[in-house]
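The values are calculated or read from the model by the stated rules, or taken from the named source; none is laboratory data. This one's a predicted model, so the numbers in the text were calculated from it and none came from an experiment. Here Cβ is always computed from backbone atoms with ideal geometry, including for glycine, and neighbour counts include all displayed protein chains.
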Amino acid sequence: MNWKRIALALPALGLWACLDRNYENPFLSESTPDTTAPQPPAGQVDTAKPDADTVKPTEPPREDAEIFEEDVSVSPIILTVGDPPVGPDIVWKPSDATTRGYSLVSSHPSFVLVVSEGGMAKCKAVAPGVATLSLKTGGRGLVKTFKVTVMPQPLISIPVLAITAEDMEFDLGSARSPIVDYTPALATHKAYSLVSDDTSIVSVSGYTLQAVAGGKARITITSVDGPSSTFEATVRIPVASVSAPDLTLEKGATTTPLVKILPENADNRKYTLATSDPNTVFAKGTVITAVAAGTAAIIITSGDGKRSGAFTVKVVLSQKELALKAAAERLAEALKEAAERRK
(Lines give C-alpha, C1' and ligand atoms only; values in the text may rest on other atoms or scores of the structure.)
Protein backbone atom coordinates (compact mmCIF):
# COMPACT_ATOMS: atom_id res chain seq x y z
CA MET A 1 0.00 0.00 0.00
CA ASN A 2 1.29 3.46 -0.90
CA TRP A 3 1.18 5.35 2.45
CA LYS A 4 2.51 8.54 0.89
CA ARG A 5 -0.47 8.92 -1.47
CA ILE A 6 -2.90 8.17 1.38
CA ALA A 7 -1.24 10.79 3.58
CA LEU A 8 -1.59 13.42 0.87
CA ALA A 9 -5.20 12.55 0.18
CA LEU A 10 -6.59 12.29 3.71
CA PRO A 11 -6.39 16.02 4.64
CA ALA A 12 -8.34 16.93 1.54
CA LEU A 13 -11.04 14.43 2.52
CA GLY A 14 -11.21 15.77 6.09
CA LEU A 15 -10.36 12.30 7.41
CA TRP A 16 -6.99 12.88 9.03
CA ALA A 17 -8.49 13.41 12.51
CA CYS A 18 -10.41 10.14 12.16
CA LEU A 19 -7.26 7.99 12.22
CA ASP A 20 -7.20 5.74 15.25
CA ARG A 21 -4.09 6.68 17.25
CA ASN A 22 -3.61 3.01 18.10
CA TYR A 23 -2.82 2.18 14.47
CA GLU A 24 0.78 2.01 13.46
CA ASN A 25 0.99 5.11 11.32
CA PRO A 26 4.48 6.16 10.17
CA PHE A 27 3.30 9.73 9.55
CA LEU A 28 2.33 10.38 13.21
CA SER A 29 5.57 11.27 15.04
CA GLU A 30 5.92 10.28 18.71
CA SER A 31 6.83 13.89 19.48
CA THR A 32 3.58 15.23 17.99
CA PRO A 33 1.37 16.64 20.80
CA ASP A 34 -1.99 15.00 21.27
CA THR A 35 -4.32 17.89 20.51
CA THR A 36 -7.38 15.63 20.45
CA ALA A 37 -7.10 14.65 24.11
CA PRO A 38 -9.02 16.85 26.60
CA GLN A 39 -6.79 19.48 28.22
CA PRO A 40 -7.25 21.16 31.62
CA PRO A 41 -8.10 24.90 31.54
CA ALA A 42 -5.05 27.17 31.38
CA GLY A 43 -3.64 28.06 34.81
CA GLN A 44 -5.39 25.16 36.62
CA VAL A 45 -4.08 21.91 38.04
CA ASP A 46 -5.04 18.71 36.21
CA THR A 47 -6.48 16.76 39.13
CA ALA A 48 -7.61 13.81 37.03
CA LYS A 49 -4.53 11.78 37.96
CA PRO A 50 -2.81 13.51 40.92
CA ASP A 51 0.25 11.99 42.54
CA ALA A 52 -0.33 10.86 46.09
CA ASP A 53 2.34 13.15 47.51
CA THR A 54 2.92 15.80 44.84
CA VAL A 55 0.88 18.71 43.53
CA LYS A 56 2.36 20.96 40.86
CA PRO A 57 0.25 24.06 40.16
CA THR A 58 0.43 25.31 36.61
CA GLU A 59 1.85 28.82 36.35
CA PRO A 60 0.24 31.47 34.15
CA PRO A 61 2.10 32.54 31.00
CA ARG A 62 5.16 34.60 31.82
CA GLU A 63 5.54 38.18 30.77
CA ASP A 64 8.64 40.21 30.01
CA ALA A 65 8.05 42.25 33.19
CA GLU A 66 8.34 39.21 35.46
CA ILE A 67 10.75 39.45 38.39
CA PHE A 68 12.32 36.06 39.12
CA GLU A 69 13.13 34.83 42.61
CA GLU A 70 16.79 34.96 43.67
CA ASP A 71 16.28 32.98 46.88
CA VAL A 72 13.54 31.62 49.13
CA SER A 73 13.34 30.42 52.71
CA VAL A 74 10.65 28.23 54.25
CA SER A 75 9.79 27.99 57.96
CA PRO A 76 8.94 24.73 59.79
CA ILE A 77 5.25 24.03 60.38
CA ILE A 78 3.47 22.37 63.31
CA LEU A 79 0.01 20.92 62.60
CA THR A 80 -2.56 18.93 64.52
CA VAL A 81 -4.48 16.01 63.06
CA GLY A 82 -7.77 17.45 61.86
CA ASP A 83 -6.39 20.90 60.99
CA PRO A 84 -7.25 22.23 57.51
CA PRO A 85 -4.51 22.12 54.87
CA VAL A 86 -1.90 24.86 55.34
CA GLY A 87 0.36 26.47 52.76
CA PRO A 88 4.11 26.78 53.44
CA ASP A 89 5.54 29.92 55.06
CA ILE A 90 7.70 31.19 52.19
CA VAL A 91 9.84 34.32 52.22
CA TRP A 92 10.65 35.40 48.66
CA LYS A 93 13.76 37.38 47.75
CA PRO A 94 13.41 39.93 46.30
CA SER A 95 10.16 40.73 48.06
CA ASP A 96 8.55 41.93 44.80
CA ALA A 97 9.27 38.69 42.93
CA THR A 98 6.36 37.92 40.60
CA THR A 99 7.17 34.26 39.82
CA ARG A 100 5.75 32.74 43.01
CA GLY A 101 4.58 29.37 41.75
CA TYR A 102 5.92 26.27 43.49
CA SER A 103 5.46 22.52 43.88
CA LEU A 104 5.70 20.36 47.00
CA VAL A 105 6.81 16.78 47.59
CA SER A 106 6.34 15.01 50.94
CA SER A 107 8.85 12.44 52.21
CA HIS A 108 6.10 10.73 54.24
CA PRO A 109 2.61 11.12 52.72
CA SER A 110 1.31 8.90 55.53
CA PHE A 111 2.09 11.79 57.93
CA VAL A 112 1.80 14.85 55.69
CA LEU A 113 -0.02 14.71 52.38
CA VAL A 114 0.38 17.38 49.70
CA VAL A 115 -3.01 18.49 48.40
CA SER A 116 -4.21 21.17 46.01
CA GLU A 117 -6.58 23.79 47.38
CA GLY A 118 -7.54 26.81 45.31
CA GLY A 119 -4.73 26.01 42.87
CA MET A 120 -2.13 26.07 45.65
CA ALA A 121 -0.10 23.16 47.02
CA LYS A 122 -0.72 22.78 50.76
CA CYS A 123 0.24 20.45 53.62
CA LYS A 124 -2.49 18.26 55.09
CA ALA A 125 -1.95 16.58 58.47
CA VAL A 126 -2.80 12.87 58.15
CA ALA A 127 -1.26 11.17 61.20
CA PRO A 128 1.16 12.06 64.02
CA GLY A 129 4.77 12.16 62.86
CA VAL A 130 7.38 14.28 61.08
CA ALA A 131 7.81 14.68 57.34
CA THR A 132 10.35 16.55 55.25
CA LEU A 133 8.77 18.64 52.51
CA SER A 134 10.71 19.63 49.39
CA LEU A 135 9.63 22.91 47.80
CA LYS A 136 10.64 23.72 44.22
CA THR A 137 10.00 27.20 42.87
CA GLY A 138 8.29 27.53 39.51
CA GLY A 139 10.54 30.34 38.26
CA ARG A 140 14.20 29.40 38.62
CA GLY A 141 13.58 25.92 40.03
CA LEU A 142 15.17 26.61 43.43
CA VAL A 143 14.75 23.73 45.90
CA LYS A 144 14.35 24.15 49.68
CA THR A 145 13.34 21.65 52.37
CA PHE A 146 11.44 22.19 55.61
CA LYS A 147 9.96 20.06 58.38
CA VAL A 148 6.28 19.55 59.10
CA THR A 149 5.44 18.08 62.50
CA VAL A 150 1.98 16.59 63.00
CA MET A 151 0.66 16.40 66.58
CA PRO A 152 -2.11 13.98 67.66
CA GLN A 153 -5.59 15.33 68.14
CA PRO A 154 -6.22 16.18 71.83
CA LEU A 155 -8.76 14.22 73.83
CA ILE A 156 -10.58 17.41 74.86
CA SER A 157 -11.16 20.15 72.29
CA ILE A 158 -11.59 23.78 73.41
CA PRO A 159 -12.88 25.97 70.54
CA VAL A 160 -11.55 29.42 69.71
CA LEU A 161 -14.18 32.04 70.59
CA ALA A 162 -12.20 35.07 69.38
CA ILE A 163 -8.93 35.70 67.56
CA THR A 164 -7.06 39.00 67.24
CA ALA A 165 -3.66 40.24 66.08
CA GLU A 166 -1.81 43.46 66.84
CA ASP A 167 -1.24 46.12 64.20
CA MET A 168 2.29 45.77 62.89
CA GLU A 169 4.99 47.77 61.12
CA PHE A 170 7.92 46.29 59.23
CA ASP A 171 10.48 47.38 56.66
CA LEU A 172 10.24 46.93 52.91
CA GLY A 173 11.64 43.55 51.87
CA SER A 174 11.27 41.96 55.31
CA ALA A 175 8.83 39.26 56.44
CA ARG A 176 7.05 38.73 59.76
CA SER A 177 4.30 36.67 61.33
CA PRO A 178 1.63 38.49 63.36
CA ILE A 179 1.40 38.27 67.15
CA VAL A 180 -1.87 36.41 67.67
CA ASP A 181 -4.11 36.30 70.76
CA TYR A 182 -6.75 33.61 71.29
CA THR A 183 -9.83 33.62 73.50
CA PRO A 184 -9.71 31.46 75.51
CA ALA A 185 -5.91 31.27 75.71
CA LEU A 186 -6.11 27.47 76.14
CA ALA A 187 -8.02 26.98 72.87
CA THR A 188 -7.06 23.71 71.22
CA HIS A 189 -6.73 24.56 67.55
CA LYS A 190 -4.36 27.48 66.97
CA ALA A 191 -4.39 27.23 63.18
CA TYR A 192 -5.56 30.27 61.23
CA SER A 193 -5.50 31.84 57.76
CA LEU A 194 -4.45 35.31 56.62
CA VAL A 195 -5.84 37.37 53.73
CA SER A 196 -4.44 40.74 52.58
CA ASP A 197 -6.70 43.33 50.98
CA ASP A 198 -3.72 44.62 48.96
CA THR A 199 -1.16 41.99 48.00
CA SER A 200 0.85 44.59 46.06
CA ILE A 201 1.82 46.05 49.46
CA VAL A 202 1.67 43.05 51.81
CA SER A 203 1.60 39.50 50.45
CA VAL A 204 0.65 36.39 52.41
CA SER A 205 2.37 33.01 52.45
CA GLY A 206 1.03 30.64 55.10
CA TYR A 207 1.42 32.42 58.45
CA THR A 208 3.98 34.89 57.06
CA LEU A 209 3.41 38.44 55.81
CA GLN A 210 5.95 39.90 53.38
CA ALA A 211 6.49 43.62 52.77
CA VAL A 212 6.32 44.15 49.01
CA ALA A 213 5.88 47.94 48.72
CA GLY A 214 5.51 50.97 50.95
CA GLY A 215 2.01 51.62 52.30
CA LYS A 216 -0.68 49.98 54.40
CA ALA A 217 -2.80 46.86 53.99
CA ARG A 218 -5.71 45.49 55.98
CA ILE A 219 -5.17 41.86 56.99
CA THR A 220 -8.01 39.52 57.88
CA ILE A 221 -7.13 36.70 60.28
CA THR A 222 -9.58 33.78 60.54
CA SER A 223 -9.39 30.99 63.09
CA VAL A 224 -9.87 27.40 61.98
CA ASP A 225 -12.85 27.40 64.38
CA GLY A 226 -14.52 30.29 62.55
CA PRO A 227 -13.98 33.61 64.42
CA SER A 228 -12.10 36.36 62.57
CA SER A 229 -10.88 39.94 62.93
CA THR A 230 -8.70 42.43 61.06
CA PHE A 231 -5.49 44.32 61.75
CA GLU A 232 -3.33 46.81 59.88
CA ALA A 233 0.11 46.06 58.45
CA THR A 234 2.26 49.09 57.59
CA VAL A 235 5.30 48.75 55.34
CA ARG A 236 8.03 51.29 56.03
CA ILE A 237 10.59 52.34 53.40
CA PRO A 238 13.91 52.49 55.26
CA VAL A 239 16.89 54.71 54.43
CA ALA A 240 19.44 52.90 52.26
CA SER A 241 22.22 55.52 52.32
CA VAL A 242 23.12 59.05 53.47
CA SER A 243 25.83 61.23 51.92
CA ALA A 244 26.95 64.81 51.34
CA PRO A 245 29.64 66.50 49.18
CA ASP A 246 32.87 67.81 50.68
CA LEU A 247 32.83 71.51 51.61
CA THR A 248 35.24 74.43 51.87
CA LEU A 249 34.11 77.14 54.33
CA GLU A 250 35.52 80.42 55.45
CA LYS A 251 36.26 80.73 59.13
CA GLY A 252 33.14 81.86 60.99
CA ALA A 253 30.69 80.64 58.31
CA THR A 254 27.64 78.63 59.32
CA THR A 255 25.75 76.35 56.92
CA THR A 256 23.42 73.37 56.59
CA PRO A 257 25.12 70.75 54.37
CA LEU A 258 23.22 69.36 51.40
CA VAL A 259 22.58 65.82 52.65
CA LYS A 260 21.31 63.28 50.13
CA ILE A 261 19.06 60.52 51.49
CA LEU A 262 18.24 57.47 49.38
CA PRO A 263 15.73 56.28 48.42
CA GLU A 264 14.00 59.59 47.94
CA ASN A 265 10.71 58.16 49.24
CA ALA A 266 12.23 56.88 52.50
CA ASP A 267 9.81 57.38 55.39
CA ASN A 268 12.27 58.78 57.94
CA ARG A 269 14.31 61.57 56.32
CA LYS A 270 15.76 62.95 59.55
CA TYR A 271 19.48 62.87 60.28
CA THR A 272 22.11 64.23 62.68
CA LEU A 273 25.66 65.50 62.22
CA ALA A 274 28.75 64.93 64.36
CA THR A 275 32.29 66.28 63.97
CA SER A 276 35.69 64.67 64.35
CA ASP A 277 37.24 67.98 65.52
CA PRO A 278 34.95 70.53 67.21
CA ASN A 279 37.86 73.00 67.46
CA THR A 280 37.90 73.18 63.67
CA VAL A 281 34.25 72.55 62.74
CA PHE A 282 31.42 72.65 65.29
CA ALA A 283 28.31 70.57 64.56
CA LYS A 284 24.88 70.77 66.17
CA GLY A 285 21.82 69.03 64.80
CA THR A 286 21.97 69.59 61.04
CA VAL A 287 24.11 72.78 61.14
CA ILE A 288 27.90 73.16 61.09
CA THR A 289 30.09 76.18 61.91
CA ALA A 290 33.65 76.78 60.74
CA VAL A 291 35.68 77.61 63.87
CA ALA A 292 39.34 77.60 62.84
CA ALA A 293 41.48 76.92 59.79
CA GLY A 294 42.00 73.21 59.24
CA THR A 295 40.12 70.08 58.16
CA ALA A 296 37.50 67.98 59.96
CA ALA A 297 35.36 64.96 59.07
CA ILE A 298 31.60 65.25 59.52
CA ILE A 299 29.63 62.07 60.25
CA ILE A 300 26.01 61.82 59.04
CA THR A 301 23.71 59.40 60.89
CA SER A 302 20.21 58.55 59.59
CA GLY A 303 17.22 59.15 61.83
CA ASP A 304 16.77 55.45 62.50
CA GLY A 305 20.46 55.09 63.38
CA LYS A 306 20.98 52.31 60.83
CA ARG A 307 22.88 54.20 58.12
CA SER A 308 25.82 56.57 58.23
CA GLY A 309 28.06 58.50 55.86
CA ALA A 310 30.85 61.09 56.03
CA PHE A 311 32.19 64.13 54.23
CA THR A 312 35.12 66.51 54.76
CA VAL A 313 35.01 70.20 55.63
CA LYS A 314 38.06 72.38 54.98
CA VAL A 315 38.09 75.70 56.84
CA VAL A 316 40.04 78.59 55.32
CA LEU A 317 40.59 82.16 56.48
CA SER A 318 38.19 84.82 55.23
CA GLN A 319 39.27 87.37 52.63
CA LYS A 320 39.49 90.05 55.34
CA GLU A 321 41.68 87.85 57.51
CA LEU A 322 43.86 86.96 54.54
CA ALA A 323 44.30 90.68 53.73
CA LEU A 324 45.20 91.48 57.36
CA LYS A 325 47.61 88.54 57.43
CA ALA A 326 49.26 89.68 54.20
CA ALA A 327 49.55 93.24 55.54
CA ALA A 328 51.07 91.99 58.77
CA GLU A 329 53.60 89.93 56.83
CA ARG A 330 54.55 92.94 54.68
CA LEU A 331 54.94 95.10 57.77
CA ALA A 332 57.14 92.49 59.44
CA GLU A 333 59.28 92.26 56.34
CA ALA A 334 59.63 96.05 56.16
CA LEU A 335 60.65 96.27 59.83
CA LYS A 336 63.21 93.54 59.27
CA GLU A 337 64.73 95.38 56.31
CA ALA A 338 64.83 98.65 58.29
CA ALA A 339 66.63 96.95 61.15
CA GLU A 340 69.22 95.50 58.77
CA ARG A 341 69.90 98.97 57.23
CA ARG A 342 70.52 100.50 60.63
CA LYS A 343 73.28 98.00 61.18
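Every residue in region 199-212 that is assigned to a loop (DSSP other than H, G, I, E, B) and buried (at least 16 other Cβ atoms within 10 Å of the Cβ), please. Talk me through it step by step, then tell me what you get.
Kept after step one, since they are assigned to a loop (DSSP other than H, G, I, E, B), are these residues of region 199-212: 199-201, 206-207, 212.
Listed by number, the residues that qualify are 201, 206, 207, 212.
Out of the residues in region 69-112 that are farther than 12 Å from residue 142 by Cα and acidic (Asp, Glu), state the one that is modelled with the lowest pLDDT.
So, considering only residues that are farther than 12 Å from residue 142 by Cα and acidic (Asp, Glu), the one modelled with the lowest pLDDT is 96.
If we only count strands (runs of 3 or more DSSP E) wholly inside region 263-343, which ones have 1 or more residues that are among the basic types (Lys, Arg), in contact (Cβ under 8 Å) with a residue 60 or more places away in the chain and within 14 Å of residue 249 (Cα to Cα)? Outline the logic, then answer.
Details: elements: 271-275, 281-284, 287-290, 294-302, 308-316.
Because the criterion is at least 1 residues that are among the basic types (Lys, Arg), in contact (Cβ under 8 Å) with a residue 60 or more places away in the chain and within 14 Å of residue 249 (Cα to Cα), the strands (runs of 3 or more DSSP E) in region 263-343 that meet it are 308-316.
With respect to residue 108, determine if the residue is surrounded by fewer than 19 Cβ atoms within 10 Å (Cβ to Cβ) and closer than 20 Å to residue 82 by Cα. If you could, list the steps in order and put the result at the bottom.
Numbers: surrounded by fewer than 19 Cβ atoms within 10 Å (Cβ to Cβ): yes; closer than 20 Å to residue 82 by Cα: yes.
So residue 108 passes the test.
Hey, among 335, 322, which residue is surrounded by fewer than 11 Cβ atoms within 10 Å (Cβ to Cβ) and either more than 30 Å from residue 164 (Cβ to Cβ) or assigned by TED's automatic domain parsing to the domain that holds residue 203 (or both)?
Numbers: 322 fails: surrounded by fewer than 11 Cβ atoms within 10 Å (Cβ to Cβ).
After ruling out the rest, the residue left standing is 335.
Listed here are the residues, each with its yes/no results for (1) closer than 26 Å to residue 213 by Cβ; (2) polar (S, T, N, Q); (3) loosely packed, with under 15 Cβ neighbours inside 10 Å; (4) in contact (Cβ under 8 Å) with a residue 12 or more places away in the chain.
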residue: 112; (1), (2), (3), (4): no, no, no, yes
residue: 116; (1), (2), (3), (4): no, yes, no, yes
residue: 132; (1), (2), (3), (4): no, yes, yes, yes
residue: 139; (1), (2), (3), (4): yes, no, no, yes
residue: 165; (1), (2), (3), (4): yes, no, no, yes
residue: 171; (1), (2), (3), (4): yes, no, no, yes
residue: 177; (1), (2), (3), (4): yes, yes, yes, yes
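Taking the options 224, 242, name whichever one is over 30 Å from residue 316 (Cα atoms) and surrounded by 14 or more Cβ atoms within 10 Å (Cβ to Cβ).
The unique qualifying residue is 224.
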